[in-house]
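Structure, as structure tokens:
The values are calculated or read from the model by the stated rules, or taken from the named source; none is laboratory data. Not measured: the values here are computed from a predicted model. All Cβ positions, even for glycine, are placed from backbone atoms using ideal geometry, and neighbour counts span all protein chains on display. Side chains are part of the model used for accessible areas, which takes the heavy atoms of the whole protein and leaves out ligands, DNA and RNA. Shrake-Rupley method; radii C 1.70, N 1.55, O 1.52, S 1.80 Å.
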Amino acid sequence: MISILLATYNWPQALKLCLESLATQTDRNFEIIIADDGSTDSTKQLIQQFIASCPLPIKHLWQEDQGFRKTIILNQAIAAAHGDYLIFLDGDCIVQPDFVARHRQLAQAGCLVTGSRVLLNEKLTQELMTWPHWDFQRFSSSLLGTRLSGGINKYWPLKIKFGNGSWRDYKKFVWRRIKGCNMACWKSDAEAIHGFDETMTGWGHEDADFIFRLQRHHIIRKSGSWATEVLHLFHQIHDQSNATQNARRVREKILAKAM
């Protein structure tokens with residue numbers, strides 16, 4: 001079974017769209033573990049309502065809001081996962097109906113997958129918030145026009161899907177396209193490196209650190225582009241005051257390995 005570890009913080013309107021998109025998956029053999037970094041009761045109420053109406057197994061993990069501590073709640077989600085394969089997803093992302101199926105197709109022993117995203121602009125994001133329910137057919141019915149008007153920044157990766165192959169393999173660690181909102185690995189591999197580095201607090205690069213340590217553990221990174229794209233809702237930039245320090249720490253680890 002696959003476990004989807006869904007990180008969220010205080011945006012229930014986006015989380016609703018994300019959960020509704022997960023409920024329409026063609027591949028239904030998965031569970032959802034919501035890793036909540038201190039959201040208020042409005043998020044809890046939304047989750048409870050969704051659990052009552054959705055047959056998928058869903059677990060809500062919550063920790064007190066003490067700043068950006070995503071690494072800690074994600075490690076709790078890893079420990080709670082029943083699946084042997086983990087997909088990391090953020091609650092401000094909507095997934096395509098074949099999202100789980102495509103990730104399952106790319107899953108391979110000794111490998112991790114880093115997916116990509118399609119960025120939505122503010123106008124389109126606000127429009128989707130008015131929909132009573134997520135509807136992928138409705139969204140994709142005018143996809144080219146949406147791209148030409150600037151509503152999304154990519155078109156073809158939503159229309160053309162490629163399968164597995166060695167061409168997806170990265171030969172070395174690179175920062176490019178590491179997005180914690182869409183990546184996957186085996187639970188045993190995540191546990192072998194003790195999950196995320198919980199000393200990395202504040203927004204920024206905890207996902208790159210996680211990927212680097214997996215690759216240092218001889219796990220091959222594969223690209224999930226042109227297969228697993230998520231729709232990333234527009235939002236204001238997070239507080240990045242810790243981003244430079246977190247990036248420096250990852251670079252120090254890379255340099256230490258090289259030495």
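Listing for the model above:
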| read-out | value |
| --- | --- |
| Exclusive hit being in contact (Cβ under 8 Å) with a residue 40 or more places away in the chain and open to solvent by 20 Å² or more (accessible area, probe 1.4 Å), set Arg177, Arg168 | Arg177 |
| Residues that are open to solvent by 10 Å² or more (accessible area, probe 1.4 Å) and assigned to a strand (DSSP E or B), drawn from region 23-34 | Glu31 |
| Within region 128-144, tally of residues that are aliphatic (A, V, I, L, M), open to solvent by 50 Å² or more (accessible area, probe 1.4 Å) and either in a loop (DSSP other than H, G, I, E, B) or over 17 Å from Gly91 (Cα atoms) (or both) | 1 |
| Selection count where residues are within 10 Å of Pro12 (Cα to Cα) and open to solvent by less than 70 Å² (accessible area, probe 1.4 Å), scope region 35-51 | 5 |
| Top-ranked residue in region 188-202 [being in a helix (DSSP H, G or I) and not hydroxyl-bearing (Ser, Thr, Tyr); ranked as surrounded by the most Cβ atoms within 10 Å (Cβ to Cβ)] | Ala190 |
| Matching option when the condition is touching a Lys or Arg at 6+ places or on another chain (Cβ under 9 Å) and in contact (Cβ under 8 Å) with a residue 60 or more places away in the chain, among Ala14, Ala35, Ala7 | Ala7 |
| Selection from region 83-100 of residues that are open to solvent by 10 Å² or more (accessible area, probe 1.4 Å) and closer than 25 Å to Pro12 by Cβ | Asp90, Asp92, Pro97 |
| Whichever residue in region 145-165 is surrounded by 13 or more Cβ atoms within 10 Å (Cβ to Cβ) and over 22 Å from the mean Cα position of the chain (by Cα) and, among such residues, is nearest to His205 (Cα to Cα) | Arg147 |
| Scope region 69-94; condition part of a helix (DSSP H, G or I) and either among the hydroxyl-bearing types (Ser, Thr, Tyr) or at pLDDT below 95 (or both); matching residues | Thr71 |
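Let's see how each residue does on (1) touching a Ser or Thr at 6+ places or on another chain (Cβ under 6 Å); (2) hydroxyl-bearing (Ser, Thr, Tyr); (3) open to solvent by 30 Å² or more (accessible area, probe 1.4 Å):
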position	(1), (2), (3)
Trp11	no, no, yes
Ser21	no, yes, no
Ser53	no, yes, yes
Pro57	no, no, yes
Leu74	no, no, no
Ala80	no, no, no
Arg102	yes, no, yes
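Residues are listed down the side, and each one gets a yes or a no for (1) at pLDDT 95 or above; (2) open to solvent by 70 Å² or more (accessible area, probe 1.4 Å); (3) in a helix (DSSP H, G or I):
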residue: Gly204; (1), (2), (3): no, no, no
residue: Ile211; (1), (2), (3): yes, no, yes
residue: Lys222; (1), (2), (3): yes, no, no
residue: Ser225; (1), (2), (3): yes, no, no
residue: Thr228; (1), (2), (3): yes, no, no
residue: Gln236; (1), (2), (3): no, yes, no
residue: Asp239; (1), (2), (3): no, yes, no
residue: Gln245; (1), (2), (3): no, yes, yes
residue: Arg248; (1), (2), (3): no, yes, yes
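Here is a yes/no grid of residues against (1) in contact with a helix residue (DSSP H, G or I) (Cβ under 8 Å, 6 or more places away or on another chain); (2) closer than 18 Å to Asp92 by Cα:
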| residue | (1), (2) |
| --- | --- |
| Leu17 | yes, yes |
| Thr26 | yes, no |
| Ile34 | yes, yes |
| Asp37 | yes, yes |
| Ser42 | yes, yes |
| Leu46 | yes, yes |
| Gln49 | no, no |
| Ala52 | no, no |
| Pro55 | no, no |
